[in-house]
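The values are calculated or read from the model by the stated rules, or taken from the named source; none is laboratory data. Values in this document were obtained by computation on a predicted structure and should not be read as measured data. Cβ: placed from backbone, ideal geometry, glycine included. Neighbour counts: every protein chain shown. Accessible surface is based on the protein model in full, side chains and every heavy atom, while ligands, DNA and RNA are left aside. Shrake-Rupley method; radii C 1.70, N 1.55, O 1.52, S 1.80 Å.
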Amino acid sequence: DTLEPADIILLLNGDPTIRPNHVVELYGRGLAPTVGIARAEDSQGVQFGAYPNVTDSNITMLEKLGVPEPHIVQLRPAGGVQHTFDEAQVVHAYCREHSIRKVIIVTSDLHSRRARFIFRKIFHGDSKIMMSPISDRKYGANNWWRLEDGIIGCQNEYLRLLYYHLKY
């Protein structure tokens with residue numbers, strides 16, 4: 001999408017080595033004063049202390065890359081979010097509560113079509129949704145077929161997109 005100044009940049013949970021960098025670039029350009037992220041559920045591994053919650057990793061990266069802690073809003077639904085649909089619902093409630101009219105969403109390029117679909121469906125035009133996708137470390141929309149991980153990732157994303165269209 002063509003980006004314009006927004007009220008918030010939303011970082012969808014995912015790879016903390018790529019997505020936060022893109023958020024920081026957008027934040028640094030002054031496209032929004034705030035970065036939001038919905039807290040992911042704590043998996044068993046997180047509960048056992050084996051590794052951090054992906055949301056915590058993303059927030060750490062945002063702070064280390066220069067987003068001041070007071071400018072990061074963590075949305076904390078009970079139990080955390082599990083899927084893009086959950087993130088959309090939590091963000092929609094936050095945006096309605098805070099009269100947010102424009103949202104920039106950062107996710108991977110392969111995930112952006114499904115994310116756009118569900119966010120626009122949940123938001124019903126309440127806020128303008130602008131997608132700002134970024135390629136994953138190994139592959140993206142322009143080279144997914146070159147690696148086994150890319151083929152599997154693309155295949156999975158199309159299955160999820162079909163599932164979302166049938167379910168929602």
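Mind listing whichever residues of region 55-78 are over 19 Å from E97 (Cβ atoms) and either at pLDDT below 95 or of a type in the set (S, T, N, Q) (or both)? Lay out the reasoning, then the answer.
Step one: filter region 55-78 for residues over 19 Å from E97 (Cβ atoms), giving 55-69.
Selection gives T55, S57, N58, T60.
How many residues are closer than 11 Å to V106 by Cβ, of a type in the set (A, V, I, L, M, F, W, C) and either surrounded by fewer than 17 Cβ atoms within 10 Å (Cβ to Cβ) or touching a residue at least 60 places away in the same chain (Cβ under 8 Å) (or both) if we restrict to region 10-48?
Residues that pass the stated criteria total 8.
State which residue pairs qualify: first residue at positive phi and inside region 69-88, second residue part of a helix (DSSP H, G or I) in any location, beta carbons under 8 Å apart, and separation of 6 or more residues or different chains.
Once the first residue is at positive phi and sits in region 69-88, its partners that are part of a helix (DSSP H, G or I) give G80/T55.
Against the definition (free of Cβ contacts under 8 Å to residues at least 60 places away in the same chain and not aliphatic (A, V, I, L, M)), how does R146 come out, yes or no?
Working: free of Cβ contacts under 8 Å to residues at least 60 places away in the same chain: yes; not aliphatic (A, V, I, L, M): yes.
So R146 passes the test.
What is the number of the single condition among (1) among the polar types (S, T, N, Q); (2) over 18 Å from I8 (Cα atoms); (3) under 18 Å from the mean Cα position of the chain (by Cα); (4) open to solvent by 30 Å² or more (accessible area, probe 1.4 Å) that Q74 does not meet?
Only one criterion in (1) among the polar types (S, T, N, Q); (2) over 18 Å from I8 (Cα atoms); (3) under 18 Å from the mean Cα position of the chain (by Cα); (4) open to solvent by 30 Å² or more (accessible area, probe 1.4 Å) is unmet by Q74, namely (2).
Is it the case, given these coordinates, that E157 is touching a Leu at 6+ places or on another chain (Cβ under 7 Å) and either among the acidic types (D, E) or surrounded by 13 or more Cβ atoms within 10 Å (Cβ to Cβ) (or both)? Talk me through it step by step, then tell me what you get.
Values: touching a Leu at 6+ places or on another chain (Cβ under 7 Å): yes; either among the acidic types (D, E) or surrounded by 13 or more Cβ atoms within 10 Å (Cβ to Cβ) (or both): yes.
In short, yes.
Taking the criterion of being aromatic (F, W, Y) and under 16 Å from the mean Cα position of the chain (by Cα), would at least one residue in region 101-121 satisfy it? It would help to see each step written out before you state the result.
Our first condition is that a residue be aromatic (F, W, Y); within region 101-121, this holds for 117, 119.
Next cut, under 16 Å from the mean Cα position of the chain (by Cα) only: 117, 119.
Scanning region 101-121, I find at least one residue that is aromatic (F, W, Y) and under 16 Å from the mean Cα position of the chain (by Cα), so the answer is yes.
Taking region 98-146 as the region of interest, how many residues are farther than 16 Å from I9 by Cβ, among the basic types (K, R) and surrounded by fewer than 20 Cβ atoms within 10 Å (Cβ to Cβ)?
Counting residues in region 98-146 that are farther than 16 Å from I9 by Cβ, among the basic types (K, R) and surrounded by fewer than 20 Cβ atoms within 10 Å (Cβ to Cβ) gives 6.
For E87, indicate whether it is open to solvent by 20 Å² or more (accessible area, probe 1.4 Å), under 23 Å from P16 (Cα atoms) and either at pLDDT 95 or above or not aromatic (F, W, Y) (or both). Full working, then the answer.
On the way: open to solvent by 20 Å² or more (accessible area, probe 1.4 Å): no; under 23 Å from P16 (Cα atoms): yes; either at pLDDT 95 or above or not aromatic (F, W, Y) (or both): yes.
Criteria not met by E87.
Out of D7, D1, which single residue is modelled with pLDDT under 95 and either touching a strand residue (DSSP E or B) at 6+ places or on another chain (Cβ under 6 Å) or buried (at least 17 other Cβ atoms within 10 Å of the Cβ) (or both)? Even if it seems obvious, please write down each step before you answer.
On the way: D7 fails: modelled with pLDDT under 95.
Within the list D7, D1, the selection yields D1.
Please verify whether Y51 is within 23 Å of D126 (Cβ to Cβ) and either open to solvent by 20 Å² or more (accessible area, probe 1.4 Å) or not small (G, A, S) (or both), treating the condition exactly as stated.
Details: within 23 Å of D126 (Cβ to Cβ): no; either open to solvent by 20 Å² or more (accessible area, probe 1.4 Å) or not small (G, A, S) (or both): yes.
Spelling it out, it is not the case that Y51 is within 23 Å of D126 (Cβ to Cβ) and either open to solvent by 20 Å² or more (accessible area, probe 1.4 Å) or not small (G, A, S) (or both).
Collect the residues in region 19-74 that are aliphatic (A, V, I, L, M), assigned to a loop (DSSP other than H, G, I, E, B) and within 22 Å of L3 (Cβ to Cβ), keeping them in residue-number order. Spell out how you get there, then give the answer.
Start the filter on region 19-74 by keeping residues that are aliphatic (A, V, I, L, M), which leaves 23-24, 26, 31-32, 35, 37-38, 40, 46, 50, 54, 59, 61-62, 65, 67, 72-73.
From what's left, assigned to a loop (DSSP other than H, G, I, E, B): 31-32, 50, 65, 67.
Matches in region 19-74: L31, A32, L65, V67.
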